[in-house]
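Participant: Take a look at the following structure, please.
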Amino acid sequence: MTRWSRESGRPRPTSPPRVAPDEARSTWPEVDATLARGAVEHALARTRAALRSHGIAAALLVDPVNIRYASGTSTMPVWTMHAIDRYLLVPVEGEPVLWEYASAPPELVSPYAGLEIRAATSWSVFGSGEQAGGRAALFAADVAGALRDRGLGGERIGVDRLDAYGFLALQAAGVHLVPAQLALEQARAVKGAEEIELIRRSLAVADAAVTDLYQALRPGMTENEAWGLLLGRAFALGAEFSECRLLSSGPRTNPWFREASDRPIERGDLVAFDTDLIGPAGYLADLSRTYLVGSPRPSARQRRLYADAQAFLADIIAELRPGAAFDEVGERLSRRLPAVYHAERYPFIAHGSGLGDEYPVIAFRDHHAGEVEAGMVLSVEAYVGVEGDDEGLKLEEQVLVTDAGVELLSRAPHDEHLASS
């Protein structure tokens with residue numbers, strides 16, 4: 001286990017161990033019922049406490065990430081990001097109710113024994129067409145009835161994300177709607193022991209996939225081929241999807257946020273990428289690496305970019321201690337990044353990593369209220385590139401904040417030529 005500590009001066013990363021690219025899938029750690037149940041029990045306790053603090057009697061969740069968090073269930077998570085086919089009611093008092101996708105097989109059950117499961121009414125225009133409004137009214141009547149049965153008629157009911165049909169139908173049914181997403185994000189910000197173990201497993205998958213890509217990168221390979229290698233290995237080890245496809249090479253590395261293309265990678269190019277990987281059990285493995293392709297000798301600019309990115313990551317990690325205010329950390333770090341990089345800098349300094357990119361964000365400006373807490377898992381970001389240049393470099397690590405220091409969770413290799421220069 002690699003730890004970073006303020007007491008040891010400026011922290012420096014150790015060389016991460018390699019993950020054998022021929023690791024057998026049969027030896028990969030499975031997500032067992034005990035882990036999954038512990039994660040849900042922690043999540044429900046955190047969710048109920050957060051709702052209570054916001055004066056919300058119950059939350060109706062349609063975001064598949066929030067549903068997964070509070071119930072441990074997932075059905076077609078990418079599909080249900082744009083089609084509302086399942087939803088979950090979490091009362092502050094009493095057990096949750098999941099309206100599951102009507103065609104889901106019966107073995108798709110929650111690890112949490114107290115969950116009541118009903119068949120969902122879908123009103124997406126995709127399947128309902130001009131009947132969407134009427135079907136949304138049926139959905140709203142069912143939810144309103146469940147609220148009355150629990151003595152919650154007329155109470156403040158939080159919603160995270162609804163389309164216009166569902167929102168208007170609930171209003172017409174007399175449900176008092178208020179926003180719930182901030183409460184859910186605050187609940188998700190501090191991880192339980194089982195969640196942390198599940199995050200470690202997602203990162204093991206990402207580390208193995210990144211190691212494979214590092215060993216396979218060659219001049220002539222296209223960016224799309226490189227991205228396919230990364231995801232193919234990750235999928236073989238149980239990953240579910242990637243939230244983005246950020247991989248660029250050579251002159252496409254500056255500015256950042258270009259997605260993979262059919263550009264052939266050339267000798268001496270930097271290849272920079274961000275995994276944004278949703279691994280087994282839905283937990284995010286979010287790390288970035290930049291590799292030099294086809295040449296053992298980086299240019300002076302490439303060496304400088306790598307050194308500056310590493311130094312900024314070290315500065316970020318040194319600030320992540322329980323009790324540190326987000327705004328104060330952001331203000332201090334905004335002065336640590338060399339001014340030459342400010343025009344192209346990454347929007348965030350650090351962000352929560354759980355069942356996706358999460359609250360909190362530590363930013364250069366427009367800061368969140370709150371402070372760093374033990375149990376937060378954060379991804380720390382460094383993009384360095386000078387405006388107008390044709391190269392930039394991206395590094396990112398995922399870390400766990402503890403009372404004893406900051407633990408480095410991401411272990412994928414750094415480029416040995418850039419790192420040794």
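Participant: For the range 285-331, name all the residues that are assigned to a helix (DSSP H, G or I), over 26 Å from Asp403 (Cβ atoms) and among the charged types (D, E, K, R).
Facilitator: Residues satisfying the conditions are Arg301, Arg303, Arg304, Asp308.
Participant: With respect to Arg161, is the statement that it is of a type in the set (Lys, Arg), on the phi < 0 side of the Ramachandran plot and modelled with pLDDT of 95 or more true?
Facilitator: Against the criterion (of a type in the set (Lys, Arg), on the phi < 0 side of the Ramachandran plot and modelled with pLDDT of 95 or more), Arg161 does not qualify.
Participant: Considering the range 347-358 alone, what residues qualify as being under 12 Å from the mean Cα position of the chain (by Cα) and outside any strand (DSSP E or B)?
Facilitator: Of everything in the range 347-358, those that are under 12 Å from the mean Cα position of the chain (by Cα) and outside any strand (DSSP E or B) turn out to be Gly354, Leu355, Gly356.
Participant: Please determine whether any residue of the range 359-369 is of a type in the set (Phe, Trp, Tyr), within 26 Å of Ile199 (Cα to Cα) and assigned to a strand (DSSP E or B).
Facilitator: yes
Each row is one residue, and each column tells you yes or no for (1) hydroxyl-bearing (Ser, Thr, Tyr); (2) touching a residue at least 12 places away in the same chain (Cβ under 8 Å); (3) in a helix (DSSP H, G or I); (4) surrounded by 21 or more Cβ atoms within 10 Å (Cβ to Cβ).
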site	(1), (2), (3), (4)
Leu162	no, yes, no, no
Tyr165	yes, yes, yes, yes
Leu168	no, yes, yes, no
Ala183	no, yes, yes, yes
Lys191	no, yes, no, yes
Glu195	no, yes, yes, yes
Arg200	no, yes, yes, no
Val205	no, yes, yes, yes
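Here's the yes/no breakdown for (1) of a type in the set (Val, Ile, Thr); (2) open to solvent by 10 Å² or more (accessible area, probe 1.4 Å); (3) touching a residue at least 40 places away in the same chain (Cβ under 8 Å):
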| residue | (1), (2), (3) |
| --- | --- |
| Leu217 | no, yes, yes |
| Glu225 | no, yes, no |
| Leu229 | no, yes, no |
| Gly238 | no, yes, yes |
| Phe241 | no, yes, yes |
| Pro251 | no, yes, yes |
| Glu259 | no, yes, no |
| Leu305 | no, no, yes |
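Participant: Then there is this: Just the residues that are open to solvent by 70 Å² or more (accessible area, probe 1.4 Å), more than 19 Å from Ala58 (Cα to Cα) and not in a helix (DSSP H, G or I), please, taken from the range 78-111.
Facilitator: The answer is Val78, His82, Tyr101, Ala102, Ser103, Pro106, Glu107, Val109.
Participant: Only one of these is charged (D, E, K, R) and either under 30 Å from Pro77 (Cα atoms) or crowded, with 19+ Cβ neighbours inside 10 Å (or both): Asp286, Asp366, Asp327. Name it.
Facilitator: When all the criteria are applied, what remains is Asp286.
The values are calculated or read from the model by the stated rules, or taken from the named source; none is laboratory data. Just so we're clear, the structure is a prediction, and the values are computed from it rather than from any experiment. Don't worry about glycine lacking a Cβ; one is built from the backbone with ideal geometry, like all the others, and counts go over all protein chains shown. Accessible surface is based on the protein model in full, side chains and every heavy atom, while ligands, DNA and RNA are left aside. Shrake-Rupley method; radii C 1.70, N 1.55, O 1.52, S 1.80 Å.
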